[in-house]
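Just so it is clear, none of the values below were taken in a lab; they were calculated from the coordinates. Keep in mind the model is a prediction, meaning the values are calculated, not measured. Note that each Cβ is placed from the backbone with ideal geometry, even for glycine, and that neighbours are counted across all protein chains shown.
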C-alpha cells in the first residue's frame, strides 16, 4: 500500500448563508499518494473547491469554515494548524494555482517581484538567489522571453502566459503537493492543451503529487490517475480514472458521462439529468442523488448510504449500482 | 435568409493621450444562412464571433459591408427597427443571471416583448405567454415568481421563451450554455433543437465547445482573428478538416480516452493581438504548414473540392489532413438510462 502524502479524514465544511450554517462538505475522506494526480470532479455546488481550499486554510473567512475533520500533511493536522503554521506550508509544502490568474496575481506588482517576494518572505534564499530561482522557474514553465516577463505586470501578459506565471509562482519553492483549482477553465481550448501538458510535465519531472479540481471529464481522462466524483458535498464515487470513466457504478457518474456530447447515438439531442442539485437549505435524508436518480427505490435509498470500497479501490455510495439490477427491474423503476 | 457580404467592424481604441489605434474585430466576412438551418460559429475568445452576432442582431452597425435579411439591405442599427427586424431577429446571451430583470415577474418578462412589438390586445398577449410557458415547461404558478427563484438552467429557458415570444425568424444564441453545469446543458440545447425543428427558426449558435457543436449543428463556421477560415457541414468539418486552425482546435479538446496530443498542438502558441494581424494568411505564424506564399498572399475562403459546401481559407485546402482527426469512440454501459429520463424538469 502506498503511503499517502496528504490525507483528508472525514472533513466537514460549513457555509454561512443568511445567518445560518449549512453543511457544504460532508464527511469527505481522501488520500493523495506520492507522485499521483488525483482529480476531484463535480458540478457547481458539489463542494470540490471548498475541499481543496480547506487544505491550505484558504476558506473565505466569516463565510466558510472547517467544522470537523483532519487534514494530515507532513506530520501536522492542517485542520488544526495556526495561521503561522499554514503560512509555512503554503508555497513550500503545498502550492496552489487558481482558475483566474488575473485575480490571483497582484495587479500592481511585477511578475518577477511576486515570485521573489514569496521566496524571501519564507526565508528560503537571499533576494539575489531568489531572482535566479524565479527566472529558472519561469524558463521551466516555458514562458517566452522570461527576462522581460519578470519586469512586466500581470495585465501585460496574455491569459496563457499569466497562467504559466501562476504555475511558476506555485512551484518555485519546490512544494511536494500542487493543488490546481480549475486551472484551465478561463482559457481557450488551444491554450488549455498547452497548460495541461505543462502541468503534467512539471508533475512528472518534479515527482509532484497533485490534486486537480475540474468539472471537465476530458481533463480528468487526460491528466489524472485517480478521480473522486463529488455531488452535493459528498464523494459519491472514487477510483482509478479508467475504471470510473468506462465502468461507473454510481448513477450520478453515469449521468455526467451520458450528458457529454461525445456519447452520441447519432441523434442531435443531449441527455439530461432531470432536476437540479439540492440547495444547501434543503436537507436530503438518505442518498443525496435520490431526487434525480432514475434508479431510486423508495425505502433503501432513503436511509444513509455509506461509501463502500472494493479490493481494487473502486468506492461508491450506492445500493443500486449500475450493472447490478436486472433489465426488467430497471424498466420498472423507470416507469414507477 | 441572412446574407453577409464583406462585413467589417473596426473599433477605435484609445492608446494613451490623444492617440488611438484601430482594432479590426471582424474583417471582410461573408456568410449566408439558409432558412431553418442550425449554423454554429466556433472560435477562441477575441476571434470576433460575438461582435458578428451583435451586428446580425442589430445591436451595432458594421463599419463596412452589406447585410441582407430576406433581401432587405441593412446598413445601420436604426434601419433595423424601421424595417421591422426587431421582431424577426432575436438574441439569447450567455449569462441568464444578468439578462433577466430581477424586479419583474416571469409573466411580465415574457409579456414585455409582445407588448412592445404590438402582438395584440391584453388577452392575446396573455394567451401567448401561456403558450410560451408550456413550450419551456413552466407551470402557471411559476409565472408569478421572480428570476432569482429559479436556477441558471430555468432562467435560460425563460430567456429563450422571451426571445421566441413574437416568433422570430432568426435566433442568435451567444454561448447560451457556457455558464451552465454539464447535467443541465441538455435542457437548453434540446429546447433550441425543438424550436429549430418545430417552428422552423434559423439558429446562429456561437460557441467554443467543439464536441457540442459537432453534435447539434447542420453547418459550422470556424473564425480566427475576425475572419472565417473554414465553413462546412458539421460532420464533414470534423471528419475532414482542411484548415490547419480547425485541426488545431479539434485536436486541442481533451479526449475521454486520454490520448496524448501531437507536439504540434502544444507548440502552436497563442492568438496574436488583433492590433498586429500578420500579413498574408492570418494564421501563418502558428501554422505548422506555412510556406513563403502564406506571408504574401492571403488565401480567400474557397471551395475545398468540387463540393461547394466545404470552404477553407488555406492555400493547401486541397490536401486532406495527414491522418484522420477522428477519435475512437468511447463507450459506457447503460447510456440509455439517462436518455430515457431526459425530460426537462418543471420548476
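Computed from the Cβ-Cβ distance with R0 of 35 Å, the FRET efficiency linking residue A:153 to residue A:65 stands at 0.55. When A:177, B:42 are sorted by how many other C-beta atoms sit within 10 angstrom of their C-beta, beginning with the fewest, the order is A:177, B:42.
What share of Cα pairs, in percent, lie more than 26 angstrom apart in the range A:6-231?
When all Cα pairs of the range A:6-231 are counted, 35 percent exceed 26 Å.
Against chain B, whose longest principal axis is taken from its Cα atoms, helix B:152-164 shows a tilt of about 80°.
Counting only DSSP beta bridges with both residues in the protein assembly as shown, the antiparallel share comes to about 60 percent. Using the Cβ-Cβ distance between residue A:3 and residue A:319 with R0 set to 22 Å, the FRET efficiency works out to roughly 0.10. In terms of the mean number of neighbouring beta-carbon atoms within 10 Å, the peptides B:68-76, A:106-114 order highest first as A:106-114, B:68-76. Spin-label pair residue B:331-residue A:110: with each label point 7 Å from Cα along the Cα-Cβ axis, the two points sit 5.9 nm from one another.
The label point for residue A:132 and the one for residue A:17, both projected 7 Å from the Cα toward the Cβ, are 5.3 nm apart.
Relative to the dominant Cα principal axis of chain A, helix A:159-171 is inclined by about 80°.
Counting neighbouring Cβ atoms within 10 Å and putting the fewest first, the residues B:97, A:296 line up as B:97, A:296.
Would you mind giving the mean number of other chain beta-carbons within 10 Å of the Cβ of each residue in A:274-282, as a whole number?
4
Take every DSSP beta bridge whose two residues both sit in chain A, then give the antiparallel share in percent to the nearest 5. Roughly 60 percent of the DSSP beta bridges within chain A come out antiparallel. In this calculation the C-beta distance from residue B:32 to residue A:102 is compared with R0 = 60 Å, giving a FRET efficiency of 0.95.
Note on the protein assembly as shown: Kirkwood radius taken over Cα pairs, Stokes-Einstein applied at 20 °C and 1.002 mPa s, translational D equal to 79 µm² s⁻¹. Calculated mean residue ellipticity at 222 nm for the protein assembly as shown: -9000 deg cm²/dmol, from DSSP H runs with n ≥ 4 weighted as -39500 (n - 2.57), summed, divided by the residue count and rounded to 500. Within the range A:156-244, antiparallel bridges make up roughly 55 percent of the DSSP beta bridges whose residues both belong there. Extending 7 Å from the Cα toward the beta-carbon at both residue A:29 and residue A:201 defines two label points whose distance is 3.9 nm. Taking Cα atoms only, the orientation of helix B:182-199 departs from the longest principal axis of chain B by about 80 degrees.
Shielding value for B:214-221 is 3, the average number of Cβ atoms from other chains within 10 Å of each residue's Cβ.
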